[in-house]
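J.: Input: one structure, supplied below.
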Amino acid sequence: MATPDLKGKYAVVTGASSGLGADFARTLADRGCSLILVARREDRLRSLQQELLGQYGVEVQVVPLDLTAPNAPQTLYDWTKAHEKAVDILINNAGFGLYGPFVEIPWEREKNMLDLNIITLVHLTKLFVQEMVARNFGYILHIASIGAYQPSPLYASYSAAKSFVLNFGEALNYELRKTNVHSTVLSPGITATEFLKVSGQQPTLYQRLAMMRSADVARIGIEHMLKGKPSVVPGRFNALLTWSNRLIPRRLSAAISYRLMV
Ligand SMILES: NC(=O)c1ccc[n+]([C@@H]2O[C@H](COP(=O)([O-])OP(=O)(O)OC[C@H]3O[C@@H](n4cnc5c(N)ncnc54)[C@H](OP(=O)(O)O)[C@@H]3O)[C@@H](O)[C@H]2O)c1
C-alpha cells in the first residue's frame with residue numbers, strides 16, 4: 001500500500017508534551033502534516049510548537065487539556081469543530097503506568113489511569129472515527145505496550161488496560177477493513193521517555209539493556225499506521241518476547257514478567 005501524502009492533513013496527538021507523543025509529532029511534521037498538540041503542560045507544548053514551526057513550517061495548534069477531566073474528549077472534539085479542523089489522524093498516545101503491588105496503589109490513582117488509558121482513548125476514537133468514515137480517509141494509532149501480551153505483576157491493572165487497547169484497536173482495524181480508515185496498535189517495550197519516572201519504577205537491568213529510543217519507536221509506529229497494519233511491536237527483542245508468550249503457560253508467563261520487573 002502506498003503511504004499517503006500528509007500535506008494539508010491534521011493530526012491530533014495526545015500526550016505530546018514529552019516522550020513518544022513529542023516524537024510522533026516530529027515524525028508527522030517531517031511528513032508535512034499539521035498538528036494539534038494536547039497534554040496538560042502548556043509550556044512544554046508551546047516549546048514543541050516553536051521547534052516544529054521553525055524546523056518544518058507546518059501549522060501547529062496547542063490545546064492544553066487534562067484528558068481525564070469530565071467530558072474532556074468532547075471538549076477537544078468541539079475545539080476542532082470550532083476551529084474548522086478536519087482531523088484525519090488521531091494518535092491516542094496519552095497514558096501512564098502505575099508500578100507496584102496492586103493492594104498498595106490508591107484507588108484514585110488507579111481510576112485516573114484507567115480513565116486516561118481506556119475511557120479517554122475509546123471516547124476520542126468514537127468521536128473522530130465517525131467523520132473519518134464519512135470522508136473515507138483516516139488513521140488512528142493507539143499506544144498499547146508489550147505488557148498487553150501477558151499478565152504483568154507489579155503493573156497488573158496498567159498492563160490489563162493495555163490488553164484492552166490492543167484488542168480494541170485490532171478489532172476496530174477489522175471492522176474498518178472495507179473503508180479507507182485504519183486503526184493500528186503500537187505496543188512498545190521499554191522506551192526512553194518519562195514513563196518510568198511517572199510510574200514510580202527504578203529501571204531494572206533488563207530495562208536498561210532493552211531500552212529503545214523514543215524517536216525510533218515513534219517512526220515505526222507511524223510507518224505501520226500509514227500502511228494500515230493492525231498491530232506492530234517495535235524492536236526485534238520485544239517482538240520475540242511477545243511472540244514467545246504463545247508458547248509458554250500463562251502462569252509461567254506471569255512469573256517471567258515479574259522477574260523482569262524487579
Ligand atoms: N515509555 C515506555 O517504556 C512505554 C512502554 C509501553 C507503552 N508506553 C505508552 O506510551 C504512551 C506515551 O508514554 P511515554 O512513554 O511517552 O511517557 P511520558 O513521557 O510520561 O508521556 C506521557 C504523556 O501523556 C500525557 N498525559 C498524562 N496524563 C495526562 C492527562 N491527564 N491529560 C492529558 N495528557 C496526559 C503527558 O503530558 P502532561 O503530563 O503534560 O499532561 C505526556 O505528554 C503511554 O500510553 C504509555 O503507556 C510507554
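The values are calculated or read from the model by the stated rules, or taken from the named source; none is laboratory data. Every value quoted in this text rests on a predicted model; they were computed, and no experiment measured them. Quick reminder, even Gly has a Cβ in these numbers, built from the backbone with ideal geometry, and neighbours come from all protein chains shown. Ligands, DNA and RNA are stripped out before the accessible areas are found, and what is left, the full protein with its side chains, is counted by its heavy atoms. Shrake-Rupley method; radii C 1.70, N 1.55, O 1.52, S 1.80 Å.
J.: Those residues that are touching a Lys or Arg at 6+ places or on another chain (Cβ under 7 Å) and either open to solvent by 20 Å² or more (accessible area, probe 1.4 Å) or of a type in the set (Asp, Glu) (or both), I need them from segment 87-125; list them, please.
T.: Asp88
J.: Right, another one. Residue by residue through segment 178-191, note down the ones that are touching a helix residue (DSSP H, G or I) at 6+ places or on another chain (Cβ under 7 Å) and without any contact (Cβ under 8 Å) to a residue 40 or more places away in the chain. Break it down stepwise before answering.
T.: Start the filter on segment 178-191 by keeping residues that are touching a helix residue (DSSP H, G or I) at 6+ places or on another chain (Cβ under 7 Å), which leaves 179, 181-191.
Matches in segment 178-191: Ile190 only.
J.: Related question: For segment 192-206, check the following and say yes or no: at least one residue is more than 14 Å from Ile89 (Cα to Cα), part of a helix (DSSP H, G or I), at pLDDT below 95 and more than 16 Å from the chain's Cα centre (by Cα).
T.: Start the filter on segment 192-206 by keeping residues that are more than 14 Å from Ile89 (Cα to Cα), which leaves 192-206.
Checking which are part of a helix (DSSP H, G or I) leaves us with 195-199, 205-206.
Checking the rest, the ones that are also at pLDDT below 95 come to 205-206.
If we keep only those that are more than 16 Å from the chain's Cα centre (by Cα) as well, we get 205-206.
Yes, segment 192-206 contains at least one residue that is more than 14 Å from Ile89 (Cα to Cα), part of a helix (DSSP H, G or I), at pLDDT below 95 and more than 16 Å from the chain's Cα centre (by Cα).
J.: Now, a different point. Counting only residues that are away from the ligand (no atom under 11 Å from the Cβ) and touching a residue at least 12 places away in the same chain (Cβ under 8 Å), which one in segment 71-86 is least open to solvent (accessible area, probe 1.4 Å)? Steps first, please.
T.: Narrowing segment 71-86 to residues away from the ligand (no atom under 11 Å from the Cβ): 71, 74-75, 77-86.
Still in the running and touching a residue at least 12 places away in the same chain (Cβ under 8 Å): 74, 77, 79-80, 83, 85-86.
Numbers: Gln74: 56, Tyr77: 42, Trp79: 49, Thr80: 0, His83: 86, Lys85: 30, Ala86: 45 Å².
Top of the filtered list is Thr80.
J.: Shifting gears a bit: Against the condition crowded, with 18+ Cβ neighbours inside 10 Å and out of contact with any helix residue (DSSP H, G or I) (no Cβ under 7 Å at 6 or more places or on another chain), how does Leu141 come out, does it pass? Give the derivation first.
T.: Values: crowded, with 18+ Cβ neighbours inside 10 Å: yes; out of contact with any helix residue (DSSP H, G or I) (no Cβ under 7 Å at 6 or more places or on another chain): no.
So Leu141 does not fit the description; no.
J.: Looking at segment 15-36 only, could you name the residues that are part of a loop (DSSP other than H, G, I, E, B), within 8 Å of the ligand (Cβ to nearest atom) and farther than 12 Å from Ala192 by Cα? Show your work before the answer.
T.: Just the residues of segment 15-36 that are part of a loop (DSSP other than H, G, I, E, B), to begin with: 15-18, 31-33.
If we keep only those that are within 8 Å of the ligand (Cβ to nearest atom) too, we end up with 15-18.
Result: Gly15, Ala16, Ser17.
J.: Same structure, new question: When you scan segment 61-106, how many residues do you find that are β-branched (Val, Ile, Thr) and closer than 20 Å to Arg40 by Cα? Quick ask: steps written out before the conclusion?
T.: So in segment 61-106, the residues β-branched (Val, Ile, Thr) come out as 62-63, 68, 75, 80, 87, 89, 91, 103, 105.
So of that shortlist, the ones also closer than 20 Å to Arg40 by Cα come out as 62-63, 68, 75, 80, 91.
Of the residues in segment 61-106, 6 are β-branched (Val, Ile, Thr) and closer than 20 Å to Arg40 by Cα.
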